[in-house]
Protein chains: 2
Amino acid sequence: MAQDEPDDDIAGVRRRATIEDVAAAAGVSVATVSRAMRGLPNVAFSTRERVAEVATRLAYRADPAATRLATGRSRSVALAVPLLNSWYFSQVVSGAEAVCSAEGYDMIVMGVTGDEDRRALVDETSSIHRRVDGIIFVDIPVSSDEAELLDHHDLAVVTVGNSTDRFPSLVIDDVHVGELAVGHLISLGHTRIAVIGGQRIDPLGFHVSDSRRAGYHAALDRADIVADPALAALGNYSVCGGRDAMQTLLALDEPPTAVFAMSDEMAFGALLAAREAGIEVPDELSVVGVDDHDVSVVVDLTTVRQPVADHGARAARLLISQLEGERVGPSRDERPVELVVRRSTAPCRPARVR
Amino acid sequence: MAQDEPDDDIAGVRRRATIEDVAAAAGVSVATVSRAMRGLPNVAFSTRERVAEVATRLAYRADPAATRLATGRSRSVALAVPLLNSWYFSQVVSGAEAVCSAEGYDMIVMGVTGDEDRRALVDETSSIHRRVDGIIFVDIPVSSDEAELLDHHDLAVVTVGNSTDRFPSLVIDDVHVGELAVGHLISLGHTRIAVIGGQRIDPLGFHVSDSRRAGYHAALDRADIVADPALAALGNYSVCGGRDAMQTLLALDEPPTAVFAMSDEMAFGALLAAREAGIEVPDELSVVGVDDHDVSVVVDLTTVRQPVADHGARAARLLISQLEGERVGPSRDERPVELVVRRSTAPCRPARVR
DNA sequence: CGGTGGCCTGTAAGCGCTTTCATGGTCGTG
DNA sequence: CACGACCATGAAAGCGCTTACAGGCCACCG
């Protein structure tokens, strides 16, 4: 029996080649194979070639589990998002995945729905420990205690959407987003301007919704318009959420003539609610959203565009460059946004009798 | 120096507790800790309790890399999708992720764009080997050679969208989808019915687009309508793709009065192209899509609904039950679809002079 | 001609688990 | 009371890599 042949069959099933098989077949030690395969210095050219050739022949590939155990690095990263079935997050996932796979990293996505999910993730006895080398938090606030724990777990971190004083972050100026959207409505002559946004998810971080709301107020203030609290509606970031919120607003004694929805999906909901109520957009109601969703052009929605997939890609690159040894301190990369005017907004007209 | 205290500091950094630390602190062997932690039989109740208590105190958690190496199982699965920034796939991801995380599996998503990506994935020297326990292929055809290799890699597999004779699969009756959509248009009196769909991505599997196209033809045949090849447009599954295809169709000498788009996103593109060309929907053109996208209700699109997130969830459950030891043979679980009539379709009217 | 320094390579000790096998103790039973 | 049977436990051998350390070899220099 040629029992020492590396590609020996056991009960007809060919065992996967290990580094030892390659070493034996190439007539070198496993250490040399390891070095040769990873392109480390101090391997003679001829040896390197022979190892490469044998490795190809045996279809050898280092077992990732063994590599992880030995090095402590997993070559995988986590992407934590509050929810997955929304346009925004799917774009981020898409952008990040492209970069990760190009760099040879596995990307594992985790939906972090509530506070308790997040705590479980970052906890002392955390499930994240040693599972990934780094993690991207998208629109998930990270307290400084949690940041400390993450450091302690020796995790590289990048945040998208909020920033901390500890990790690099990728953000947009959400106050500016609000100002841009509402400023546009004001410039069209609107004064009864509603806002549809999310609640403060978390008391820890300064949340997106709050910032955009601040921009809303800033724009109103600048135009000497008094904000009517009744015009601030809450809803979750979805078509449904926007629709419900819009219905509430339309039921007011004095409904708004314009509405700023904090995401395009919410804006779609607002459009839907308007149509259901027989209200013409933009004649009777102007609507502006945020994101520039693929479908926004279809429904002719005015919006504040942000390059979402690019956020994901940049975040992934930032994270990976940290993992590749670059010492990256806390930073705040503010990405540009842009008002895209379409036909869901129009000059304010005197209310018609309905 | 209390050097043997399990939670000893080294240069101020507390080392993560290992199984040995727990064993020492609980006064048992590592084998017992391992057994106790995993709920295996043959551990005295008192021992089990003590180990649990110590483990909690030391915030112990088994290092996944070590577990993987020792067991050969990674407790993670892959989700392979052709692209990520589309509604359909983000829904699948969402559904699958929820199940995986509930079951304690990591889900790594991989975009498998073209043929070469797929080949690289499944290849003999495959990168997938030992990285995940199982894989879900969503709308990615798998040849029988590839299936063999996957088996050889000892991977559990579930396919969504196409079926093989080897793995369990989750599908819809795509022929029926086409018949339903086109049948609806025919029942409204349309005879010049166009179809917008994808090309055959791959000669290997019977692809979604082809089946839906077959349904289109079947419906036409049944109504004794001769299919006009000029009315079959190709485009990728996106708003842009649908728009481009629709523009081509509208430029025909004798444009269609109705169009069946193979996804809602394509249908959105068709709506956009129609509006840009000044064509009224549904008065001059009826449009029907497939999926029931979140936004479809907003643009009042008639569509063939399929429960997409549920596909993802079911696929994940199917995969995990295989991994948990259930011996699952090839199967074909056909999920229901449903025609949802909205206002993008209307009875065919004689063409107006433009 | 001995010493010195550079390369290249090999040996072996981990990494932190799981699991087989052996062992000792405790009961129940004839 | 002796003998298995059975249960709880421990010792130790992996799992397949990486890497610190130690040689061996050769060239080059004084």
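Measuring from each Cβ of chain B to the axis carrying B onto A, the nearest residue and its distance in whole Å come out as B:90, 2.
Less than 5 angstrom separates the built amide H of residue A:172 from those of A:161, A:335, all sequence-distant by 5 or more or on a different chain.
Name the shape class, rounded, prolate or oblate, that the alpha-carbon gyration tensor gives for chain A, where a ≥ b ≥ c are the square roots of its eigenvalues, rounded holds for a/c under 1.5, and otherwise prolate holds if a/b is larger than b/c and oblate otherwise. Here chain A falls in the prolate category. In the elastic network of chain A, a GNM with C-alpha springs shorter than 10 Å, the most mobile of A:53, A:146, A:103 is A:53.
First measure r as the distance between the Cβ atoms of residue B:338 and residue A:123, then evaluate 1/(1 + (r/R0)^6) with R0 = 45 Å and state the FRET efficiency to the nearest 0.05. Taking R0 as 45 Å, the efficiency between residue B:338 and residue A:123 is 0.60.
Beta bridges from DSSP with both residues in chain A: antiparallel share about 10 percent, rounded to the nearest 5.
Listed values for the stretch B:71-87 are Karplus-derived 3J(HN,Hα) couplings in whole Hz (6.51 cos²θ - 1.76 cosθ + 1.60, θ = phi - 60°), namely 9, x, 10, 9, 6, 8, 10, 10, 10, 9, 10, x, 7, 9, 8, 10, 4, and x replaces Gly and Pro.
Working note: Karplus 6.51/-1.76/1.60 with θ = phi - 60° gives the stretch A:270-282 the couplings 5, 4, 4, 4, 4, 4, 4, 8, x, 9, 7, 10, x Hz, where Gly and Pro are set to x.
For the pair B and A, the buried accessible area comes to roughly 4100 Å² in total, with a 1.4 Å probe and the value rounded to the nearest 100. Backbone amide hydrogens, once placed in the peptide plane, bring residue B:140 within less than 5 Å of B:160, B:162, excluding anything fewer than 5 places away on its chain.
Calculated mean residue ellipticity, 222 nm, chain B: -12500 deg cm²/dmol, from DSSP H runs (n ≥ 4) at -39500 (n - 2.57) each, averaged per residue and rounded to 500.
Highest-first packing order for the peptide set A:149-158, A:32-41 is A:149-158, A:32-41, based on the mean count of other beta carbon atoms within 10 Å.
The residues of chain A have, on average, 44 Å² of accessible surface per residue, using a 1.4 Å probe with all protein chains present.
Distant-in-sequence amide contacts of residue A:106, defined by a placed amide H-H separation under 5 Å and a gap of 5 or more residues or a different chain, comprise A:76, A:77. Each residue of the stretch B:327-337 was assigned a 3J(HN,Hα) from its phi angle through the Karplus expression (A = 6.51, B = -1.76, C = 1.60, θ = phi - 60°), giving 8, 10, x, x, 7, 8, 9, 9, 8, x, 10 Hz with x at Gly and Pro. Can you pull the percent of the protein assembly as shown's accessible area that's carbon plus sulfur, 1.4 Å probe, other chains left in place? Here it works out to 51 percent. Projected onto its three principal axes, the C-alpha set of the stretch A:9-62 covers 39, 15, 15 Å, listed from the longest axis down.
Put simply, the protein assembly as shown fits an ellipsoid with semi-axes of 49, 35, 22 Å; these come from the alpha carbon gyration tensor as the roots of five times its eigenvalues, largest first. Overall form of the stretch A:202-354: prolate. Here a/c, set by the Cα gyration tensor axes a ≥ b ≥ c, is 1.5 or more, and a/b is the larger of a/b and b/c.
Plainly put, the tip 7 Å out from Cα toward Cβ on residue B:347 is 4.2 nm from that tip on each other copy, the closest given first. Where does the Debye-calculated log10 I(q)/I(0) of the stretch A:93-174 sit at q = 0.11, 0.13, 0.17 Å⁻¹, using only Cα point scatterers of equal weight, no solvent? With one equal scatterer per Cα and no solvent, log10 I(q)/I(0) is -0.28, -0.40, -0.70.
Apply the a/c threshold of 1.5 to the C-alpha gyration tensor of the stretch A:144-253 and tell me whether it is rounded, prolate or oblate. Cα axes put the stretch A:144-253 in the prolate bin.
The values are calculated or read from the model by the stated rules, or taken from the named source; none is laboratory data. This structure is a prediction, so every number in the text was calculated from the model and none was measured. Reconstructed Cβ throughout: ideal geometry from the backbone, glycine too, with neighbour counts over all protein chains shown. Protein only, heavy atoms only, side chains kept; ligands, DNA and RNA dropped before computing areas. Shrake-Rupley method; radii C 1.70, N 1.55, O 1.52, S 1.80 Å.
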